[in-house]
1. Which of the following residues is open to solvent by 10 Å² or more (accessible area, probe 1.4 Å) and touching a Pro at 6+ places or on another chain (Cβ under 7 Å): 90, 68, 99?
2. State all residues of region 267-297 that are within 16 Å of the ligand (Cβ to nearest atom) and open to solvent by less than 10 Å² (accessible area, probe 1.4 Å); if no residue qualifies, say none.
3. In region 375-410, which residue that is open to solvent by 20 Å² or more (accessible area, probe 1.4 Å) and outside any loop (DSSP other than H, G, I, E, B) is nearest to the ligand (Cβ to nearest atom)?
4. Hey, which of the strands (runs of 3 or more DSSP E) in region 1-117, taking only ones fully inside, have at least 1 residues that are among the acidic types (Asp, Glu)?
5. With respect to the numbered conditions (1) open to solvent by less than 20 Å² (accessible area, probe 1.4 Å); (2) modelled with pLDDT under 95, which one is the sole condition not fulfilled by residue 52?
6. Which residue pairs have Cβ atoms closer than 9 Å, lie 6 or more positions apart in sequence or on different chains, and pair a first residue in region 52-67 that is over 18 Å from residue 22 (Cα atoms) with a second residue that is open to solvent by less than 90 Å² (accessible area, probe 1.4 Å) and hydroxyl-bearing (Ser, Thr, Tyr)?
7. Among the candidates 174, 124, 212, which residue alone is modelled with pLDDT under 95 and open to solvent by 10 Å² or more (accessible area, probe 1.4 Å)?
8. Within the bounds of region 172-191, is there any residue that is more than 20 Å from residue 88 (Cβ to Cβ) and within 16 Å of the ligand (Cβ to nearest atom)?
Amino acid sequence: MVANRLPVDEVINDGERSWRRSPGGLVTALHPVLAARRGTWVGWSGRAAEPGEPAPEAFEHDQMRLRPVNLTTDDLERYYEGFANSSLWPLYHDAVETPFYKRSWWEAYRRVNQRFAEAAADEAAPQATVWVQDYQLQLVPAMLRALRPDLKIGFFLHIPFPPVELFMQLPRRAEVLRGLLGADLVGFQRPLAAQNFLRLTRHLLGLRPRGAGVEVDDRLVHAAAFPISIDVLQIEELASTPHVLARSAQIRKELGDPKMLILGVDRLDYTKGIEQRFKAFRELLSENRLSVPDAVMVQVATPSRERIEHYQALRVKVEREVGRINGEYGRVGVPAVHYLHQSYSRSELVAMYCAADVMMVTPLRDGMNLVAKEYVAARVDLGGALVLSEFAGAAGELRQAFLCNPHDLQGVKDALMRAVNVDEADAARRMRTMRRHLRAHDVRHWATSFLSALGVPAPTPTRSEDNT
Ligand code: ADQ
């Protein structure tokens, strides 16, 4: 596995190095896959290295082998904050913010991708399978193939892949595309993204399509959709534990037992449509279609990419809007919006999901959106209602949500009011259908369907699994 981040954080205390598990979604998905295959995870350790500092040795952790790759402050500024998150991220999300391009960012992106490819080439056994993750590492497949033609290489993009017209803006577009074409299988969240990719190979490189793939240098590169999912059982279990249920009831009580608790949970990112959501809520309050204290909103906005200008500007705008809504519609002791710029444990998040009458997920563009899936998985009681943007990948599967176009404010308001007013039987019917889908399509299903499309057989069971 090659991903920008390792599933652990490096901590240095009094010159002593230790590793702390970092609870990411990807590790939940990939740990069983890697552990069963005694696989290696190549990635950055989360601490900026000094220039020239040697990377720590590979080590065993949680039945996986972890191989750290060093990134310096300069790498992080140019490769991570620069090309990955100020050029690619906005461009791939419909350019909802203007992408910036700098030649020095591109150089760093290439240099860092080469470093990851070399570490993977060094770790991989003969004829091994290497699975590369996400937009930070799009050059790795071709770089790795050049170093190790014996490997089977898969790539999965977690974010959208833009239409040809947008991708063509990217200054180093052909190199990025050739990087991806180093893989045997390129996976996307949605079928439309796979189509965009295949169309681009013809438009930009004049390659010939062959079935659901394309021919490159006498090789066949397949492209297909593999919608990512969540650990449904883990969320269901949390949502059924007494202390989470008690916490959920306590949250409602602390909010003054509102009739309607509306929740948003997002990274504080301009793609997530947080401002649009607040605007819809504010207008509904001003029209008296909703009123405080019967209706309150809780918005969790997880700190994210705080050194990047677009993100700093977004935080100012969001916090100004919260202040405005609370100033106009709050009461003493009863704000209309509870805004939480913090990280939470899984169990606290699940308690919030269980407490919410309506969950609002309104991104302008989103590869999948796991929050929408987590909310549905948490509603073992079949309660609650989900308002979901058509532009989240999850909308392709969660068809029984209250779908809306986040660019159409009236549409968002109407979807929210339909969710607020839905009768219990209709809400339960919707939730049941969505839950059935998720149970059959959890994150293990995602990982195994990608790997089987890559032609990797399921691992042989370990002895302890044989016994059960
Ligand atoms: P993200 O843009 O980060 O992921 P999302 O899919 O919603 O978005 O995942 C966010 C995760 O962080 C969820 O698991 C959520 O529970 C967690 N989280 C959010 N706020 C939190 C908080 N305050 N404290 C703790 N945890 C919090 C990218 C793409 C998505 C795609 C995923 C996976 O942008 O479209 O779904 O990768 O492929």
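The values are calculated or read from the model by the stated rules, or taken from the named source; none is laboratory data. From a predicted model like this one, the values you see are computed outputs, not experimental measurements. Cβ sites come from the backbone with ideal geometry, for glycine too, and all protein chains shown count toward neighbours. Only protein heavy atoms, including side chains, enter the accessible area calculation; ligands, DNA and RNA are left aside. Shrake-Rupley method; radii C 1.70, N 1.55, O 1.52, S 1.80 Å.
1. Values: 90 fails: open to solvent by 10 Å² or more (accessible area, probe 1.4 Å); 68 fails: open to solvent by 10 Å² or more (accessible area, probe 1.4 Å).
Of 90, 68, 99, the one residue that is open to solvent by 10 Å² or more (accessible area, probe 1.4 Å) and touching a Pro at 6+ places or on another chain (Cβ under 7 Å) is 99.
2. 268, 269, 271, 273, 274, 277, 297
3. 396
4. Result: 8-13, 16-21, 59-61.
5. Result: residue 52 fails condition (1) only.
6. Correct list of pairs: 52/72; 53/72; 55/45.
7. Details: 174 fails: modelled with pLDDT under 95; 124 fails: modelled with pLDDT under 95.
After ruling out the rest, the residue left standing is 212.
8. Going residue by residue through region 172-191, those that are more than 20 Å from residue 88 (Cβ to Cβ) are 184-185, 191.
After this cut, where a residue has to be within 16 Å of the ligand (Cβ to nearest atom) as well, the list is 191.
There is at least one residue in region 172-191 that is more than 20 Å from residue 88 (Cβ to Cβ) and within 16 Å of the ligand (Cβ to nearest atom).
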